[in-house]
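Heads up, the thing below is written out as structure tokens.
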Amino acid sequence: QVQLVESGGGLVQSGGSLRLSCAVSTSIFSIGVLAWYRQAPGKERELVAVIASGGTTNYADSVKGRFTISRDNAKNTMYLQMNSLKPEDTAVYYCKAVASRVSWGQGTQVTVSS
């Protein structure tokens, strides 16, 4: 299956920024959909942002205007630029690839302090 490795998580103060990366083991040019999800303690995993092969993007209402999803086909990497972070953004963030099978990364922790 496709291997996904997230990185870039960490501790940041409210109002700060982080950029998450998701390295993909195969050419992402051939992957139709890439997405970011997150899961906070005691909550369900939720969709944060999605990007299709043609570049179309969609975002959860809670992150619109603050987060930007992108993909770099040459580097086989997907990104999530997170600005104006809030404590409620604290969660484990996962990347997901939809190809012939659905693949998930192991997640990276993002903690936003108030």
Practice prompt. Sort largest first and round to whole Å: the equivalent ellipsoid semi-axes of the range 50-114, each the square root of five times a Cα gyration tensor eigenvalue.
Written response: 22, 15, 11
Worksheet item: Any idea what the relative contact order of the chain is, in percent, if you count C-alpha pairs under 8 Å spaced at least 6 apart?
Response: 38 percent
Worksheet item: Where does each of Y93, Y79 land when they are ordered by accessible area, with a 1.4 Å probe and the largest first?
Response: Y79, Y93
Discussion item. Can you tally the net charge around V33? Count Lys and Arg as +1, Asp and Glu as -1, for every other residue whose Cβ sits under 12 Å from the Cβ of V33.
Written reply: +2
Worksheet item: What net charge is computed for the residues neighbouring S21, neighbours being all others with C-beta under 10 Å from the C-beta of S21, Lys and Arg scored +1, Asp and Glu -1?
Response: 0
Discussion item. Taking just the alpha carbons, could you work out the radius of gyration and Dmax for the chain, both in angstroms?
Written reply: 13.3, 41
Worksheet entry | Gain in span if fully extended, K64 to S100, counting 0.36 nm per residue against the direct Cα distance | 10.0 nm
Worksheet item: Of all DSSP beta bridges in the chain, what percent run antiparallel (nearest 5)?
Response: 90 percent
Discussion item. What does the charge count around Y93 come to, taking other residues whose C-beta lies under 12 Å from its C-beta (Lys +1, Arg +1, Asp -1, Glu -1)?
Written reply: +1
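The values are calculated or read from the model by the stated rules, or taken from the named source; none is laboratory data. Since the structure is predicted, the reported quantities are computational estimates derived from the model, not experimental observations. Every residue, glycine as well, gets a Cβ built from its backbone with ideal geometry; the counts of neighbours run over all protein chains shown. Please note that ligands, DNA and RNA were not included when accessible areas were found on the heavy atoms of the full protein model with its side chains. Shrake-Rupley method; radii C 1.70, N 1.55, O 1.52, S 1.80 Å.
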